[in-house]
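A short reminder: the numbers here are calculations on the coordinates, not readings from a lab. All figures in this text were calculated on a predicted structure; none of them were measured in a lab. Using ideal geometry, Cβ is built from the backbone for each residue, glycine included, and neighbour counts are taken over all protein chains shown.
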Amino acid sequence: MNILKEVEKEQIAKLSEGKNFPEFKAGDTLRVHTKVKEGDRERIQVYEGVCIARKNDGLNSSFTVRKISFGEGVERVFPLYSPNIAKIEVSRIGKVRRAKLYFLRALRGRSARIADDLSASAKAKDAE
């Protein structure tokens, strides 16, 4: 195996130690618990929205979450193996036919909704 891949695998194992991230894909509604540092205090802030993109690139893996805040669309890119991510929860599993949902940027209101994948939700509940 390539030395770089071995080092990257070790780093991923070290950074994801103690964290149990669920399986999620584009279209799922996520609750991302991030650590926010204010002065000498640290607190957890929750960012909830639809995952519109996922980039699987080893240690550089990331995902983009989009939410509507006060009528304005806000997107945030999270590195998957960041130490600032405390927890990721999947609140809804969406049924989509694309890997990247950038077309949601142009949609507003009801047309921007994503249908629930009821079969995947049932499988997830059976697994618990």
Item to check | Inter-label distance for Glu75 and Arg43, nm, one decimal - labels placed 7 Å from Cα along Cα-to-Cβ | outcome: 2.9
Checklist outcome for this item: Dividing the helical contributions, -39500 (n - 2.57) per DSSP H run of n ≥ 4, by the residues of the chain yields a 222 nm value, nearest 500 deg cm²/dmol, of -5500 deg cm²/dmol
Item to check | Candidate lysines - alpha carbon under 27 Å from Lys67, same-chain residues fewer than 8 apart omitted | outcome: Lys19, Lys25, Lys35, Lys37, Lys55, Lys87, Lys95, Lys100, Lys123, Lys125
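State the extension gain, in nm to one decimal, for the chain segment bounded by Asp57 and Ala13, taking 0.36 nm per residue of separation less the distance between their alpha-carbons.
Values: separation 44, 0.36 × 44 = 15.84 nm, distance 1.47 nm.
Working it through step by step, the gained length comes to 14.4 nm.
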Checklist outcome for this item: Checked the stretch 1-120 against the a/c 1.5 cut and the a/b vs b/c comparison, axes a ≥ b ≥ c from its Cα gyration tensor; verdict oblate
Checklist entry - Okay, which of the stretch 50-84 sit inside 15 Å, backbone N to the point 7 Å along the Cα-Cβ direction of Lys25? => result 51-56
